[in-house]
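Read through the structure below, which is laid out as C-alpha cells, and then see the notes.
Derivation of every value follows stated rules applied to the coordinates shown; laboratory data play no part. Worth saying up front: this structure is predicted, and the values here are computed from it rather than measured. When we count neighbours, we look across all protein chains shown, and the Cβ atoms used for this are built from the backbone with ideal geometry, even at glycine.
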Amino acid sequence: MNSFSLKQRIHKRFLQAVSKLALVLVLCTTLSGCNYFILLGYLIGGPPSIEPDFDAQTQKSLTDKDVTVAIVCYAPLELQYNFDGIHNDLAKYTTFRLHQHGVKVVNPDRIRAWIDENPDWDKPEEIGEAFDVTYVIHVELHKYSLYEENSSDLYRGRAEGMVTVYEMDDSGEGEKLYSKEITSFYPLRAPRATSEVTFSKFKKEYLSRLSDEIGRLFYEYYRGDDFTHAI
C-alpha cells in the first residue's frame, strides 16, 4: 500500500469519526433527557435488535434446521375486485421477504398452481400436507386500501388482517400454533400526493412495506428501521 492511499484511508476514518461525534452532539442538544452513553453505543455498535414475536411466543424459529414454510394469502372477493391479484401479490412479496432472511420457503408460483388445480380447498393445512412443509403461514386480509381516507389525490396504504401459523406433523395434520392481528399504514408521517408518484409505483412500495411488517413477526429487525418509512 502506498503512502497516498494510506493517507486517504486515515482521512476517511477521521471524517467518519467526526461525523458520528457531530451527530451525537446534535441529538443531545435537540433531545430532552439525552443519555450520551446510550447514543454513543447506538452509533458505535448499531441499533438494538428486536426479537421476532413468533419466536418469543412459541420458542421456535422459522430459521431452525430443516424447517420449511409455505405462505398462502386470502382476500375477500370485494378486495380482489378492487385490487386484482392482491392475495397473490402479497404472498409473493412476503415469501421474498422471508427468503431474504434465511427462511426456506416454497415458491409461491407452485402454491398458486396447486390452488388453481384444487379450487375446493378450504384449510391452510391442506397446503401444508401437499407441500410437506413444517409450517403454513396463512395471511387473511380483512381491509386493504391505497388511498388516504376520503381522498382521491393522496396515497396512504392501509391494511388490516390476521396472520396465523399452522404447525404440521408427520401424518400431514396441522395445528394452529400462532396468530397475530396486523394493522398497517404507510407512509407513517403523512400521505403522498398522487402527482408525486404513479399508482403502480406506490402499490409496489406499500406491498414492500406490508410484507416487511408481516415478515417482522418472524425475523429480527432493528429499532429505527421505520425511519425510512416515515415520509
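Overview of results
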quantity: DSSP-defined antiparallel bridges as percent of all bridges, the range 49-229, nearest 5; calculated: 80
quantity: Proximal aspartates and glutamates relative to LYS65, as straight alpha-carbon distance under 18 Å, when same-chain residues fewer than 8 apart are discounted; calculated: ASP55, ASP132, GLU167, ASP169, ASP170, GLU220
quantity: Sites ARG112 and LEU154, calculated FRET efficiency, Cβ-Cβ separation with R0 41 Å, nearest 0.05; calculated: 0.80
quantity: Calculated FRET efficiency for the pair PHE96/GLU196, C-beta based, R₀ 30 Å, to 0.05; calculated: 0.70
quantity: Charge tally in the Cβ shell below 11 Å around TYR74, where Lys, Arg are +1 and Asp, Glu are -1, TYR74 excluded; calculated: -2
quantity: Calculated over the range 88-179: convex hull of Cα atoms, volume per residue (Å³); calculated: 127
